[in-house]
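The structure appears below as structure tokens.
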Amino acid sequence: MVTLKINNKKIKANEGSTILEAARANGIHIPTLCSNDALEAYGACRLCIVEIQEGKKTVIESSCTYPVAEGQEVKTDSPRVIAGRKVVIELLLARCPNVKVIQKLAEEYGVKDSSMDFGKENEYCILCGLCVRACNEVVEAGAIQFVGRGADKVVDSPFHISAEDCIACGSCAFVCPTGIIKKNDLESSAVCSPEGTQEEGPKREILNWQVEYELKKCFKCGNPFAPIPHLDKLTKRFYALPQFFNYCPSCRNYIEVDEDKCLGCGSCMENCPVGALELEDKGGYDKKAKVYTQNCMACHTCERYCPVGAIS
Amino acid sequence: MSVYDVAIVGAGPAGLHTAICSARKGLKVVIIEKRKDISKMTRYCSEHIILDEGYNGDTMIVEIGEELNADGFISETSHNKIRSKNFGWEVDYVGPLCPVRDKFYYSADLKHNAHYAWPDKHPFAWKYDKAGLLAQLLKIAEDLGVEYLTETTCYQAMDNPEGVTLKCVSRGKRFQMKARKLVEASGASAQVAQSLGMNEGRIYFASALTRAYYMSNVKDYSPAEWCGYWGLCYGSNFAPLIGTGPAGHFDWADLILIGHPAQMPGELFEAFTKKSPVAYMFENAKIEREHSCTTKAYAPMKVPYKGNVLAIGDAAAFVETQMQGSLNCGFWAADALEKELDGKPGFEEYTKTWQETFEFNDDGMMQVQSGYALIPYYTDEQVVYLFSLLDDVTMNGSWSQYDSPRMMWKEIHKQDKRIQEERPDVWDKIVNQQGKTLSDSMSQ
């Protein structure tokens with residue numbers, strides 16, 4: 001543990017954590033655009049800059065990338081910090097005048113319309129990289145990347161064609177602070193051809209990466225709930241059984257064992273992919289299956305393999 | 001941190017024999033077993049030592065310690081020895097044995113049947129006490145210093161070049177374990193192999209939901225017989241079987257019903273004991289004990305190892321490796337492990353032996369399954385006709401699930417001309433039967 005001061009408040013923080021983490025853990029607000037708890041710090045938006053005094057040296061640094069150290073004195077809203085943040089917001093506003101998050105920040109910090117002009121019309125992307133990082137770090141799909149350099153830098157699918165590795169999970173749209181990633185879940189769609197019009201099932205399309213995939217329907221309620229490639233990827237990555245995603249999250253029922261029917265053969269236990277079932281000894285040849293629901297992922301594999309129909 | 005040389009998942013015959021043979025070579029071994037007490041069988045097993053010459057590439061020799069008693073059994077105190085003829089290992093077994101001398105496949109009218117027996121009626125299989133044998137093997141293993149974890153499930157393994165990390169759960173608590181080599185011996189379910197992707201590319205036939213009833217006072221029951229009943233009138237697509245009762249109660253009949261999710265074995269019981277032609281046998285019968293199990297029938301793995309993981313016994317095979325096949329696997333696995341830990345390609349050698357030895361590794365063998373897909377492909381009357389062709393024949397005593405149907409069809413095909421003349425409808429079906437498998441009988 002190290003001790004530091006943030007806005008004259010004494011704070012203890014874990015060694016190796018960043019100033020942003022320490023501030024947030026103690027309820028001190030620092031505005032950010034490119035930070036997300038699930039992702040590595042990136043330091044792209046520069047909004048989280050703070051003034052850090054270490055000994056005699058004072059620096060302005062992005063708090064999301066700067067590690068805490070013993071005896072630091074941090075100011076999150078000193079005049080120098082506010083001035084710097086205003087410049088950042090002004091630049092962002094000049095690039096993306098129509099983005100709500102930026103407009104809100106500008107209002108908060110009293111930034112008027114920027115006089116700068118980057119010659120870009122209808123630009124929404126602030127290049128925070130959240131979508132790219134989520135796709136690479138969390139989803140591990142690697143479907144999209146930054147393309148180009150300098151003023152031409154954009155986020156795109158490879159070669160600006162349909163993203164091959166995209167699984168349409170929608171994580172990019174979820175993390176994007178500007179809302180420019182367009183993810184639509186369509187109840188039905190149709191394909192027109194000379195042979196006639198063919199109805200196609202529920203689909204998800206992500207316009208930015210030029211992909212569309214069929215959505216899987218829940219076996220129980222029939223509602224579409226996730227794109228099939230997304231489920232395939234999760235199945236493979238977490239070694240789940242193919243039937244694990246047959247049910248949507250709200251229809252997923254944990255299993256119950258009917259002890260009167262159970263003969264204690266252990267077929268459920270042997271086929272459970274997460275070891276959530278065990279046999280309870282009741283003396284003699286009598287053994288009953290017992291479920292540890294904290295481990296059960298409600299895949300109902302055991303139900304399929306129970307020879308006496310004791311699991312429901 | 002020191003790690004185990006070998007972790008074995010599953011304390012069945014294959015796992016325990018691997019543990020014993022490896023420990024004798026000085027390896028540090030741990031066994032992970034899901035059950036609390038393996039000396040109590042809760043999962044159903046037919047429990048036979050099969051003596052067929054060359055069955056699963058080996059011939060078992062059972063040296064009985066005592067003579068048959070007045071009931072025709074070998075008593076519980078007998079010190080027997082189970083030996084492999086081809087590979088030279090032996091295992092001591094103290095416990096009861098019951099000889100199986102006749103095998104009948106009955107058709108709907110009970111008169112016509114396929115009969116397997118040796119001319120001098122010497123047994124082709126021994127019913128034994130599997131739980132007792134496992135307990136004895138476990139004792140040997142523990143005496144050799146093998147560590148034994150009960151009530152522990154290994155549900156996933158991660159393979160690295162340095163070794164294998166096992167993810168385990170015991171009584172709801174999760175933990176990890178490291179070993180240099182992993183032996184997957186957890187039977188047909190083989191969760192660990194599945195999690196490592198070793199099951200990819202295997203053909204899945206069906207999951208047999210099996211329920212067995214040990215019943216006393218069954219009429220016309222003989223402990224030395226193994227009977228199957230083919231016909232829709234018996235209620236099931238897969239023949240209900242009546243075999244020898246459990247160790248200690250050889251006088252009970254063992255009624256085995258195999259179903260699938262659309263035809264649960266519990267429902268088959270009603271049909272078989274109340275409405276079928278053999279209902280008379282069960283008029284005064286009483287259910288003494290019930291058992292069940294589910295077996296997943298997969299085609300064998302092409303290669304039974306991947307990285308540091310070796311799958312043995314039923315985990316790598318076409319369901320029924322049987323006790324002797326498992327013991328063989330364990331014996332070879334120990335050799336392979338010793339070599340692998342020395343940096344030599346032991347698993348490759350194991351694979352070679354394994355592929356050459358077991359019958360089910362032959363592609364043509366999968367076709368043999370069509371011998372078990374009689375129902376509902378043939379009507380009851382057609383099965384009666386087919387079996388009537390075998391009236392004058394007694395085939396050699398054989399338990400083998402590969403040889404038995406092959407022998408039967410060989411005999412039937414001797415009379416091809418007669419079938420073509422008498423029953424063109426049956427002949428048509430025989431011609432088209434090629435390629436039928438268990439999945440056709442037990443499709444879900």
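Being at pLDDT below 90 and out of contact with any strand residue (DSSP E or B) (no Cβ under 6 Å at 6 or more places or on another chain) narrows it down to one residue among A:Gly150, A:Gly142, A:Gly129; which is it?
Unique residue meeting the criteria: A:Gly150.
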Exercise. From the list B:Asp403, B:Asp391, B:Asp335, which one is under 17 Å from B:Ser22 (Cβ atoms) and in contact (Cβ under 8 Å) with a residue 40 or more places away in the chain?
Worked result: B:Asp335
Exercise. From the residues in segment B:131-165 that are among the hydrophobic types (A, V, I, L, M, F, W, C) and in a strand (DSSP E or B), which one is farthest from B:Gly95 (Cα to Cα)?
Worked result: B:Met158
For this session: Please go through segment B:151-163 and pick out each residue that is more than 9 Å from every other protein chain (Cβ to nearest Cβ) and either touching a strand residue (DSSP E or B) at 6+ places or on another chain (Cβ under 7 Å) or β-branched (Val, Ile, Thr) (or both).
Result: B:Ala157, B:Met158, B:Asp159, B:Gly163
For this session: Name the one entry in B:Gly266, B:Gly346 that is over 20 Å from B:Arg202 (Cα atoms), in the same structural domain as B:Asp220 (by TED's automatic domain parsing) and of a type outside the set (Val, Ile, Thr).
Result: B:Gly266
Exercise. Which of the following residues is under 19 Å from the mean Cα position of the chain (by Cα) and assigned to a strand (DSSP E or B): A:Val132, A:Val155?
Worked result: A:Val155
Exercise. Without any contact (Cβ under 8 Å) to a residue 40 or more places away in the chain and part of a strand (DSSP E or B), is that true of A:Thr32?
Worked result: no
Problem set entry | Top-ranked residue in segment B:181-226 [being more than 14 Å from chain A (Cβ to nearest Cβ) and of a type in the set (Val, Ile, Thr); ranked as surrounded by the most Cβ atoms within 10 Å (Cβ to Cβ)] | B:Val183
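Within segment A:165-212, track down each residue that is charged (D, E, K, R) and touching a helix residue (DSSP H, G or I) at 6+ places or on another chain (Cβ under 7 Å). Break it down stepwise before answering.
First, pick out the residues of segment A:165-212 that are charged (D, E, K, R): A:165, A:182-183, A:185, A:187, A:195, A:199-200, A:203-205, A:212.
Once the filter is applied, which keeps residues that are charged (D, E, K, R) and touching a helix residue (DSSP H, G or I) at 6+ places or on another chain (Cβ under 7 Å), segment A:165-212 yields A:Lys182, A:Lys183.
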Exercise. Can you tell which of A:Lys75, A:Lys57 is under 20 Å from A:Lys10 (Cα atoms), buried (at least 16 other Cβ atoms within 10 Å of the Cβ) and either out of contact with any Phe, Trp or Tyr (no Cβ under 6 Å at 6 or more places or on another chain) or of a type in the set (Lys, Arg) (or both)?
Worked result: A:Lys75
Exercise. Taking segment A:265-284 as the search range and keeping residues that are touching a residue at least 12 places away in the same chain (Cβ under 8 Å) and under 14 Å from B:Thr150 (Cβ atoms), which one is nearest to the other protein chains (Cβ to nearest Cβ)?
Worked result: A:Gly275
Exercise. Could you list, in sequence order, the residues of segment A:215-264 that are of a type in the set (Gly, Ala, Ser) and in contact (Cβ under 8 Å) with a residue 12 or more places away in the chain?
Worked result: A:Ala226, A:Ala240, A:Ser250, A:Gly264
Exercise. Among the residues of segment B:21-44, how many are away from chain A (no Cβ under 11 Å), among the hydrophobic types (A, V, I, L, M, F, W, C) and crowded, with 24+ Cβ neighbours inside 10 Å?
Worked result: 2
Problem set entry | Residue check, B:Leu166 over 17 Å from B:Val278 (Cβ atoms), within 14 Å of another protein chain (Cβ to nearest Cβ) and crowded, with 23+ Cβ neighbours inside 10 Å | yes
Exercise. Could you count how many residues in segment B:119-133 are surrounded by fewer than 19 Cβ atoms within 10 Å (Cβ to Cβ) and acidic (Asp, Glu)?
Worked result: 1
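Listed here are the residues, each with its yes/no results for (1) charged (D, E, K, R); (2) more than 14 Å from chain B (Cβ to nearest Cβ); (3) closer than 28 Å to B:Phe269 by Cβ.
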| position | (1), (2), (3) |
| --- | --- |
| A:Glu205 | yes, yes, no |
| A:Lys220 | yes, yes, no |
| A:Phe245 | no, yes, no |
| A:Lys288 | yes, no, yes |
| A:Ala310 | no, no, yes |
Exercise. Taking only pairs six or more apart or across chains, which ones have beta-carbon atoms under 6 Å, a first residue in segment A:87-103 that is over 16 Å from A:Ala151 (Cα atoms), and a second residue that is of a type in the set (Gly, Ala, Ser)?
Worked result: A:Ile89/A:Ala106; A:Glu90/A:Ser114
Exercise. Among the residues of segment A:223-237, which ones are assigned to a helix (DSSP H, G or I) and surrounded by 14 or more Cβ atoms within 10 Å (Cβ to Cβ)?
Worked result: A:Ile228, A:Pro229, A:His230, A:Leu231, A:Asp232, A:Lys233, A:Leu234, A:Thr235
Problem set entry | Subset of segment B:1-54 [of a type in the set (Gly, Ala, Ser) and part of a helix (DSSP H, G or I)] | B:Ala14, B:Gly15, B:Ala19, B:Ser22, B:Ala23
For this session: Taking B:Ala70 as meeting all but one of (1) modelled with pLDDT of 90 or more; (2) more than 25 Å from B:Ser400 (Cβ to Cβ), write down the number of the exception.
Result: (1)
Seminar exercise, completed: Taking segment B:278-334 and keeping residues under 26 Å from B:Leu133 (Cα atoms), part of a helix (DSSP H, G or I), more than 14 Å from chain A (Cβ to nearest Cβ) and aliphatic (A, V, I, L, M) leaves B:Ala316, B:Met323, B:Leu327, B:Ala333, B:Ala334
Exercise. Among (1) within 30 Å of the chain's Cα centre (by Cα); (2) outside the structural domain of A:Lys9 (by TED's automatic domain parsing); (3) among the basic types (Lys, Arg); (4) in a loop (DSSP other than H, G, I, E, B), which single condition is A:Lys112 missing?
Worked result: (1)
Seminar exercise, completed: Those residues of segment A:138-152 that are in a loop (DSSP other than H, G, I, E, B) and either surrounded by 18 or more Cβ atoms within 10 Å (Cβ to Cβ) or under 22 Å from the mean Cα position of the chain (by Cα) (or both) come to a total of 6
Exercise. Does segment B:44-99 hold any residues that are of a type in the set (Lys, Arg) and touching a Ser or Thr at 6+ places or on another chain (Cβ under 7 Å), and which are they?
Worked result: B:Lys85
Exercise. When you scan segment A:115-151, how many residues do you find that are more than 17 Å from A:Cys45 (Cα to Cα) and in the same structural domain as A:Gly179 (by TED's automatic domain parsing)?
Worked result: 13
For this session: Confirm whether B:Ala114 is out of contact with any His (no Cβ under 6 Å at 6 or more places or on another chain), surrounded by 21 or more Cβ atoms within 10 Å (Cβ to Cβ), part of a loop (DSSP other than H, G, I, E, B) and not basic (Lys, Arg).
Result: no
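The values are calculated or read from the model by the stated rules, or taken from the named source; none is laboratory data. What you are looking at is a predicted structure, and each value in this text was computed from that prediction instead of being measured. Neighbour counts are summed over all protein chains in view; Cβ atoms, including those assigned to glycine, are modelled from backbone coordinates with ideal geometry.
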